Structures are given as structure tokens and as C-alpha cells.
Amino acid sequence: QVQLVESGGGLVQPGGSLRLSCAASGSIFSINGMGWYRRAPGKQRVLVARITSGGTTNYADAVKGRFTISRDNAKNTVYLQMNSLKPEDTAVYYCNAELSQFGTSYYYTNYWGQGTQVTVSS
């Protein structure tokens, strides 16, 4: 019943910017951490950025200073502002949320978005 819907991916030139959004919907009671992961061609999926319900953030070294993760708890939405994009940022980006549902508020499960393609190329 829970869905994570991503938007904002696309093609951008090196040095450009994109803003990814991910909205969680469904019978959600509470969301703890939310984050963005990415999988580049031929590589493993890795953490890009994560944010707790209280706003504490964590970034992969490769994106520090360029990406900013934020969230709107009222909208159950997490964002990833990506600036100064590089070709090596090209990947499928996945949204993740650790959440509980009504009726089982004590039980948290990780949910994933479908992924959105980000391509950085001239």
C-alpha cells in the first residue's frame, strides 16, 4: 500500500543542477530515516545521502559540498538538491524510507522507489 514516487531526474550538462523529489504515500504512521541511493552502470548501489526524522544528515564523500538532502515531514517528502553535477554522478537514483504503518506503528520497514535516471553528459 505504501508507495514512494520519485521525480526530477533527467539529462543535464556537467556543472548543472537537478532537484529530485520523493513523496511517500499510503497508510503511513511514521517515517524515520529517508535517503537517496544510486547505482551507476556496472557498479553496486551505494548511499548518496540520508536524513533522519530530526534533520540529521549524512552524505557520501563523493557528493559532499555539492548535494543537499532535505525533507518535508508534513508531506512525507524527501528532496535531493544536486549541484555542480559531474559525469560520474550518472546513475539511477533510488529513494528509500524507513517507515511504519497504521496498526503496526512499532514495526518499521524499508521501502524503495522505482528509481529515476540521472544522466550528466555534454
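The values are calculated or read from the model by the stated rules, or taken from the named source; none is laboratory data. Predicted model only: the values in this text are computed from it and were never measured. Counting neighbours? That spans all protein chains shown, and the Cβs are built from the backbone with ideal geometry, glycine included. Surface accessibility is based on the protein's heavy atoms, side chains included, excluding ligands, DNA and RNA. Shrake-Rupley method; radii C 1.70, N 1.55, O 1.52, S 1.80 Å.
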**OP:** Output yes when any residue across region 30-40 is outside any strand (DSSP E or B), modelled with pLDDT of 95 or more and out of contact with any Cys (no Cβ under 7 Å at 6 or more places or on another chain), and no when none is.
**Re:** yes
Original post:
Within region 42-54, is there a residue that is part of a helix (DSSP H, G or I), more than 17 Å from residue 100 (Cβ to Cβ) and in contact (Cβ under 8 Å) with a residue 24 or more places away in the chain?
Top reply: no
**OP:** Only residues in region 97-110 that are open to solvent by 80 Å² or more (accessible area, probe 1.4 Å) count as the first member; pair them with residues that are aromatic (Phe, Trp, Tyr) and assigned to a strand (DSSP E or B), Cβ under 7 angstrom, at least 6 apart or cross-chain, and list the lot.
**Re:** 102/29
Original post:
Counting only residues that are open to solvent by 40 Å² or more (accessible area, probe 1.4 Å) and more than 11 Å from the chain's Cα centre (by Cα), how many does region 84-96 have?
Top reply: 4
Original post:
Can residue 84 be described as within 20 Å of residue 121 (Cβ to Cβ) and of a type in the set (Ser, Thr, Tyr)?
Top reply: yes
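Kindly evaluate residue 21 against the criterion of being open to solvent by less than 60 Å² (accessible area, probe 1.4 Å), assigned to a strand (DSSP E or B) and at pLDDT below 95.
For residue 21, the condition - open to solvent by less than 60 Å² (accessible area, probe 1.4 Å), assigned to a strand (DSSP E or B) and at pLDDT below 95 - is not met.
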Subject >> Within region 31-58, tally of residues that are in contact with a Phe, Trp or Tyr (Cβ under 8 Å, 6 or more places away or on another chain) and either among the small types (Gly, Ala, Ser) or open to solvent by 40 Å² or more (accessible area, probe 1.4 Å) (or both) >> reply: 8
